[in-house]
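The values are calculated or read from the model by the stated rules, or taken from the named source; none is laboratory data. Quick caveat: nothing in here was measured; it's all calculated off a predicted structure. Note: ideal-geometry Cβ built from the backbone for every residue, glycine included; neighbour counts use all protein chains shown. Surface accessibility is based on the protein's heavy atoms, side chains included, excluding ligands, DNA and RNA. Shrake-Rupley method; radii C 1.70, N 1.55, O 1.52, S 1.80 Å.
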Amino acid sequence: MLTALADDSWWYDLTGVNATLVDDDETLTLVDAGLPWHGNKLIAGLSDAGYELRDLDRILLTHFDLDHVGGLTAFDGVDVTIYVGERDAPLVTGEEAPPLDNHKGAFQRLVSPLRNVPDNDVVPLADGDTVGSFTVYHTPGHTPGHVCYVSESLSLGLLGDLVREDGGRFEPSPWLLSYDTAAVARSISEFADRSPDFEIAIPGHGVPFEKNGSAKLGRLAATL
Ligand SMILES: [Zn+2]
């Protein structure tokens, strides 16, 4: 369930959705938080990697969706800060509800009773912000506030649901699951252009790449 991808990064395979644990220069960082019933697995993974719950410092979210924010409440009462793209932040805090005039928003609204609002501080992120060694890239389309994170020092790209892995290559987030597929394509191209190279690439769904991650993404961008 927890697989080491490098000395300082671990992949959680949560059956259908991924999360990532990163020791970012001694700041223990969880990236995405699975579905509501994944909380215990996320906490168990910390000890599998040799840490305790109190070692966790922060949670980075790639976007607001039930399968990425559902497990957050497992960390209620733990001193961690949650970071998320600024357009998705009011959805995480419950200050806004997903829009009904978009098919994806309507779906998010439908499943919202399955989710509880976390009690930790939520910090909104803009394009170009940095959190530890990670740079934030606003990559809208799957959701309006979707972000990717790249750490050059860890050679690690966290791609969320901008793309998914299928059969050894990346595919764009599909229409059914996206607010705006044209924006997804634009975000993939722009992100591939402006992000630095990284070896390890972890999508929200599918199997991560341990090598040539940014090159794999570039291959997809070239087809769009
Ligand atoms: Zn997802």
Inset, instruction - Run the dipole for the chain about the Cα centre, Lys and Arg Cβ at +1, Asp and Glu Cβ at -1, nothing else charged, and hand back the magnitude in debye, nearest 20. - result: 860 debye
Inset, instruction - Using Cα pairs closer than 8 Å and at least 6 residues apart in sequence, work out the relative contact order for the chain, in percent. - result: 16 percent
Inset, instruction - Could you tell me the accessible area of S155 in Å² (1.4 Å probe, neighbours in place), rounded to the nearest ten? - result: 30 Å²
Inset, instruction - Compute the Kirkwood hydrodynamic radius of the chain, taking the inverse of the mean of 1/r over all pairs of distinct Cα atoms, and give it in Å to one decimal. - result: 17.0 Å
Inset, instruction - Be a star and scan the stretch 52-67 for residues whose amide nitrogen sits under 18 Å from the point 7 Å along the Cα-to-Cβ vector of W175. - result: none
Legend entry - Dipole of the stretch 2-160, positive end: most advanced residue of L21, L158, H68 [Cβ charges, Cα centre]: H68
Legend entry - Geometric extent, Cα atoms of the stretch 70-144 - Rg, Dmax (angstrom): 13.3, 37
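Report the full-extension gain for the segment D79 to R186: residue separation times 0.36 nm, less the Cα-Cα distance, to one decimal in nm.
34.9 nm
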Legend entry - the stretch 176-224 versus the stretch 72-116: alpha-carbon centroid distance in Å: 24 Å
Inset, instruction - Kindly report the accessible area of the stretch 2-160 per residue (heavy atoms of protein chains, probe 1.4 Å, no ligands, DNA or RNA), in Å². - result: 40 Å²
Legend entry - By accessible area with a 1.4 Å probe, ligands and nucleic acids excluded, highest first: order of K41, K211, K104, K216: K211, K41, K216, K104
Inset, instruction - Give me the number: length gained by fully extending V123 to N102, i.e. 0.36 nm times residue separation minus the C-alpha to C-alpha distance, one decimal in nm. - result: 5.0 nm
Legend entry - Residues in the stretch 178-219 that a label on D166 would reach, taking backbone N under 19 Å of a point 7 Å out along Cα→Cβ: 178-189, 202-209, 216-219
